[in-house]
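S.K.: So that we are looking at the same thing, I have put the structure below in C-alpha cells.
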Amino acid sequence: MYVAFSAGRLRACLAAALAVLFFIAAASDASASPVRVGTLDCLDDATVVSLKRNPEQVFPGLYESCSPQLRAMLGDEFANLSDSAMKFVFASATAFRMSYYGASTIYDLRGLAALPSLDCAGYAALTWHLARVAGADVRYARVVGWDGSPIGNHAQLYYQEPGNDLMLDATIGLIARISVPQVVAGQGIRPEIMFQFLRPPVGPSLSVFNDMVTGAIHVGQFTASSMIYNNPYPPGQGSAYQTAVANLEVADQAAKQLTAAEVAPAPAPVQAAPADPASAPAPVAPAKKSKHVKKRDRKITHSKARKGSNTRGRMKAAKNNRTKPRKSKASVSKGD
C-alpha cells in the first residue's frame, strides 16, 4: 500500500511539474514573439493633465486629432477597423497612459480620470467611459472578469462588433484582434494582430504580468471556467449605459431616414390625361342681332366709308398740290 501511494503521488507531482514547464515554455515563447509596440506622441504630459480635468470635453477632439497617427501606427492588420472600434482602441491606449497600476474602487468617469492609479477593473471602466463620450457604440462592449489560471484575478474590456472583435487590456496597454468565444475556446492568435502601447516607465513594473497575459492570449491559455463575469457596462454605470444606447438609437434612426431619402426614386412627372372629345363643351352660337343693332351697325359702316373716302380725297389733293409748280409773282407781272 505504501508503494501504491508513493506511485500515485509521484504521478501527480510529475503531472504538475509538466504543467508548470509547459506554462513557462509557452510564456517564454510568447514573450519572445514579435508583438509590435509603439508610443502615441499626441498623449503627452500636458494632454494627460487636460484629460484628467475634463475628460468629456477633451477626449472626443483628441481622438479626431490623434486618429491618423493611431491608424498609421497599428498598420495593415488593424486598418479595416470601424471608427467605433478604433475609438475603443484609442480609449484603451489613453486609459493606459492616464494612470498607473494601483488600488481603485470607483467607476464613474470623473472619479476614474482624477485617480493617480487604477486597478484592472478601473482601467476597463475608464476605457469604456472614454469610448462612450467619443460616440463609440457601447452596445458592442463587454466587461469580462477572470479568476484562476493562467493569470489569476483580472478584468479586461472586449469589443464585439461583427468583423471588429477586440480584446482591450488597458492595465498593460495591450490590444488584440480576438473575440470572447475565441478566448474561452483556447484559440491562440498570431502576434501580428496584437499591439502593445508604451508609456513613460513610472510606477510599479508590470513586465512579468504583461508577459503572462500576452503569452496566454497568444497561445490560447484562457478557459471558460475561469470567466467570472461578462457584463455590458462597468459596475454602477447602468444609467450612463442607457443614456448612451438611447443616443445611439436616435442616431441610427436619423441615419436610416437620410439613407432612405438618398436612395428613394424621384417622383414621376404628372401627365395630364388626354382630352375626351365627347366631354368637350359644344361651341356657342353667336347671338342674333336685333333690328335696332343691325341698323346701328349699318350707320357705323357708312360713316367709316365716308370718312375713308374724304381722307383719300384730301390725300390726293395734297399730292397734286405738291407736284404742280408754283408761279412766282415776278413771272406773273412779266407776262402782263
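S.K.: List the residues of segment 100-136 whose backbone N lies under 17 Å from a point placed 7 Å from the Cα of residue 37 along the Cα-to-Cβ direction.
M.R.: 101
S.K.: Then there's this: Rounded to two decimals, what is the ratio between the C-alpha radius of gyration of segment 20-252 and 2.2 N^0.38 Å?
M.R.: 0.94
S.K.: If amide H atoms are built 1.01 Å from N in the plane of the peptide, which residues on other chains or at least 5 residues away come under 5 Å of the amide H of residue 228?
M.R.: Under 5 Å from the amide H of residue 228 lie the amide H atoms of 145, 146, 147, each far enough along the sequence or on another chain.
S.K.: A follow-up question, please. Based on the Cα gyration tensor of segment 155-209, what are the three equivalent ellipsoid semi-axes, each the root of five times an eigenvalue, rounded to whole Å and given largest first?
M.R.: 23, 11, 11
Every number in this text was worked out from the coordinates using simple rules, so none of it is lab data. Model, not experiment: these values are computed from the prediction. Using ideal geometry, Cβ is built from the backbone for each residue, glycine included, and neighbour counts are taken over all protein chains shown.
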